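The values are calculated or read from the model by the stated rules, or taken from the named source; none is laboratory data. What you see is a predicted model; the values in this text were computed from it and never measured. Please note: Cβ atoms are built from the backbone with ideal geometry, for glycine as well, and neighbour counts cover all protein chains shown.
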Amino acid sequence: MTTLEQRSDLFRMPALGADMTEGRVVEWYVGPGARAERGDLVAVVETDKADIEIEVFEPCVFDQLLVQLGEAVAVGEPIARITVDGPPRPSTSSVGDPAEPVVAVTPTLTTAPARPPDATTSRSRMTPRARRLARERGVDVDDLPREGAITGDTILRLGVGGDRPERDRSSNLRDAVARLMERSWAEIPHYHVTSTIDLTDAMRRLDETNSSRSAHDRLVPAAILYAAVARAAADTPQVNGWWQGHSFVPSESVDLGVVLSLRTGGVVVPTIPAADRLDSEEMMAVLRDLVERARRGRLRERDIRPASLSTTNMGERGAGAVLGIIHPPQVALVGLGSPQLRPGVIGGDVVPRLLVEASVAGDHRAHDGLVAARLLKRIAHHLEDMP
Amino acid sequence: MTEPAVTHASAVELIRESIERIAPDVDASALPSDADVRVEAELDSMDFIALLSTITERTGIDVPESEVAAAHTIDGFADYLVKRTNGLGTGAST
């Protein structure tokens, strides 16, 4: 019995981050009558930290766009009317809000600040930076020039809001990280376990692979490391999941958060879903795309879905080891130091080997040092097996 | 699609522009031409690969993995590109 049912539904402002209370649609990729398939990107939403491209989770047709560009919309409020294929979903959530295991846990890190009066009626003339500055400074509509495009400099020239320095995205990002780290350190009883992993053979294989490839097809060490970490996490379920309330809830998949530094300062931690299913080639392709989009400020909703475990990597030029701070509500963070040529011991002889200090920061409520040691052993094991 | 008779100076210019393309926050004109760009411009491994790719795109010259050390400094990279373009480099077979 396959009748195609259709129902009218509302597409709602998604929560793009645990502390998000509102967002603004700054660009629509669809118009009335447009059809979207599952996973299609349909709009760009501005949050205080980043512009995120949002997607639909079920095939649908967009009937009516309900909000103006730049209009502040609370999370959960409708932004479009759509017609969805298929019978009504059992839960009360709408198309844009699939069931999430950690929704109940989303911490309120900050309360929404009182919003300054909306600054303009003709938002399409204002650039995103202008809108943000106008909001931050409480700019009055009447102060705006009547004609022409309004840029951030236009707002700054008005001199409203005093000499307050422009509160740019990277400040907000740093604040968000600061709050998260503060909370993590206060709430999670951290322990750290380290292990030296011999990377020599894996890197030799990597170099061989790269030797026959043109630059844009080459792999970086991180691709191999992250694939190994993800597989090791799949082998060690006690580290892959979330602390909710008073107990550990395992994740069904290894969704790996990777700490990426932005060139302009600060970090962003996008999620690589089902990372344990990727081999190093696939991981490299995912990383290349993520890094490029993260730096361009074009992350997508699916990139910032909750991770079940995260990893931070010093790269080639960082320090020997990193002992990290867990990103709640996760229960572990894998730290990877810079690979360094060091004396190793093989068969009783001291030989130069490429070694990396790997660490696990663990939530001692969820697991203990033995589990972390096991995770580190599994990482070493998978590195020997890569790809 | 290689450029005819590339000069050292034009190669240096090309490299500096390419660095700025992949790392827009860097003022490439301020980079010492004999310094390691990975350190001075803080290019990580992905950035460095992106730099090599950009140069390949613009000159048709691919730097094999075995020869990447030549590309660590702006001067070294420029010398390498001049040699390869003028047919004097090794251009190791891939």
Legend entry - Enumeration of residues in the range A:183-208 that are within 14 Å of chain B (Cβ to nearest Cβ), of a type outside the set (A, V, I, L, M) and touching a residue at least 24 places away in the same chain (Cβ under 8 Å): A:Arg205
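For the range A:253-284, how many residues are in a helix (DSSP H, G or I) and away from every other protein chain (no Cβ under 13 Å)? If you could, list the steps in order and put the result at the bottom.
Let us first name the residues in the range A:253-284 that are in a helix (DSSP H, G or I), namely A:275-277, A:280-284.
Checking the rest, the ones that are also away from every other protein chain (no Cβ under 13 Å) come to A:275-277, A:280-282.
Of the residues in that region, 6 qualify.
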Legend entry - Unique residue being farther than 30 Å from A:Val45 by Cα, modelled with pLDDT of 95 or more and in a helix (DSSP H, G or I) when the list is A:Leu287, A:Leu375, A:Leu354: A:Leu375
Legend entry - Number of the condition not met by A:Arg298 [criteria: (1) crowded, with 20+ Cβ neighbours inside 10 Å; (2) within 14 Å of the chain's Cα centre (by Cα); (3) of a type in the set (D, E, K, R)]: (1)
Legend entry - Top-ranked residue of the range A:290-312 - restricted to ones that are in a helix (DSSP H, G or I) and either more than 25 Å from A:Val360 (Cα to Cα) or of a type in the set (Gly, Ala, Ser) (or both), ranked as farthest from the other protein chains (Cβ to nearest Cβ): A:Glu301
Legend entry - Residues of the range A:199-231 satisfying the condition of being among the basic types (Lys, Arg) and farther than 20 Å from B:Val68 by Cα: A:Arg231
Inset, instruction - Scan the range B:22-36 and give yes if some residue there is β-branched (Val, Ile, Thr) and under 22 Å from A:Ala285 (Cα atoms), otherwise no. - result: yes
Inset, instruction - For the range B:60-87, enumerate the residues that are in contact with a Leu (Cβ under 9 Å, 6 or more places away or on another chain), within 12 Å of chain A (Cβ to nearest Cβ) and part of a helix (DSSP H, G or I). - result: B:Val68, B:Ala71
Legend entry - Residue satisfying condition, being of a type in the set (A, V, I, L, M) and at pLDDT 95 or above, within set A:Ala72, A:Ala80, A:Ala18: A:Ala80
Inset, instruction - Report yes if some residue within the range A:243-252 is over 16 Å from the mean Cα position of the chain (by Cα) and either within 14 Å of chain B (Cβ to nearest Cβ) or of a type in the set (Ser, Thr, Tyr) (or both); otherwise report no. - result: yes
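Considering only residues that are within 26 Å of A:Leu173 (Cβ to Cβ) and outside any strand (DSSP E or B), which ones fall in the range A:40-78? Spell out the reasoning first.
Quick first cut of the range A:40-78, residues within 26 Å of A:Leu173 (Cβ to Cβ) only: A:41-55, A:67, A:69-77.
Matches in the range A:40-78: A:Thr47, A:Asp48, A:Lys49, A:Ala50, A:Val67, A:Leu69, A:Gly70, A:Glu71, A:Val75, A:Gly76, A:Glu77.
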Inset, instruction - Can you tell me which residue among A:Ser170, A:Ser184, A:Ser214, A:Ser195 is under 30 Å from B:Asp47 (Cβ atoms), in contact with a Pro (Cβ under 7 Å, 6 or more places away or on another chain) and small (Gly, Ala, Ser)? - result: A:Ser184
Inset, instruction - Look at the range B:12-32 and say how many of its residues are within 12 Å of chain A (Cβ to nearest Cβ) and assigned to a loop (DSSP other than H, G, I, E, B). - result: 4
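Starting from residues that are in contact (Cβ under 8 Å) with a residue 24 or more places away in the chain and over 15 Å from A:Val291 (Cβ atoms), keep the ones in the range B:33-53 and report whichever is nearest to the other protein chains (Cβ to nearest Cβ).
Looking at residues that are in contact (Cβ under 8 Å) with a residue 24 or more places away in the chain and over 15 Å from A:Val291 (Cβ atoms), I get B:Arg38.
Residues that are at pLDDT 80 or above: find the helices (runs of 4 or more DSSP H) completely inside the range A:147-226 holding 1 or more of those.
A:169-187, A:200-211
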